[in-house]
Amino acid sequence: MPRLNDTERQELLSALDGWTLVEGRDAIRKRFVFDDFNAAFGWMTRVALVAEPMNHHPEWFNVYNKVDVTLSTHDANGLTRRDVELAQRMDQLAAGLTKA
Ligand SMILES: C[C@H](O)[C@H](O)[C@H]1CNC2=NC(N)=NC(=O)C2=N1
């Protein structure tokens, strides 16, 4: 899986909602804030069930109602379409559950 080229970065990454580039690494990140731990962990569980068959796994850190997610493709040492796909699936699964 090739890393995103400059054109793809401009098109695909700018279309993502709330994801930002990580400094010093070719990766994107987003903080999801839920009502409580149950909502956060329920979402993480649903994401896990989507990520596993994609064979694409998030780096994430959860405290109570917050989940900090970093996406990058380790095999490519940077961002690929797989990261964009997983980011979109995460956003879909979080729709209506996250706080501003
Ligand atoms: C061997 C296995 O296919 C790889 O380690 C998979 C698993 N999950 C992965 N997840 C992510 N985020 N990037 C990868 O390159 C990756 N590779």
Next item on the list: Quick one: in region 46-61, of everything that is open to solvent by 30 Å² or more (accessible area, probe 1.4 Å) and closer than 22 Å to residue 21 by Cβ, which residue is farthest from the ligand (Cβ to nearest atom)?
Entry: 61
Checklist line | Cross-chain or 6+ apart pairs with Cβ under 9 Å, region 77-89 first and among the β-branched types (Val, Ile, Thr), then in a helix (DSSP H, G or I) | finding: 84/8; 84/12; 84/13
Check: Tally time: how many residues in region 52-100 are under 10 Å from the mean Cα position of the chain (by Cα) and of a type in the set (Gly, Ala, Ser)?
Finding: 2
Next item on the list: Mind listing just one residue for me: the one in region 16-45 that is assigned to a loop (DSSP other than H, G, I, E, B) and touching a strand residue (DSSP E or B) at 6+ places or on another chain (Cβ under 6 Å) and, of those, farthest from the ligand (Cβ to nearest atom)?
Entry: 18
Notebook entry, point to check: If a residue has to be within 10 Å of residue 1 (Cα to Cα), open to solvent by 10 Å² or more (accessible area, probe 1.4 Å) and within 11 Å of the ligand (Cβ to nearest atom) to count, how many in region 74-89 make the cut?
Noted result: 3
Note to self: So for region 21-38 (the condition being surrounded by 11 or more Cβ atoms within 10 Å (Cβ to Cβ) and of a type in the set (Asp, Glu)), does at least one residue qualify?
What the structure shows: yes
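The values are calculated or read from the model by the stated rules, or taken from the named source; none is laboratory data. These numbers were taken from a predicted model, which means no experiment stands behind them. All Cβ positions, glycine included, derive from the backbone under ideal geometry; neighbour counts span all protein chains shown. Please note that ligands, DNA and RNA were not included when accessible areas were found on the heavy atoms of the full protein model with its side chains. Shrake-Rupley method; radii C 1.70, N 1.55, O 1.52, S 1.80 Å.
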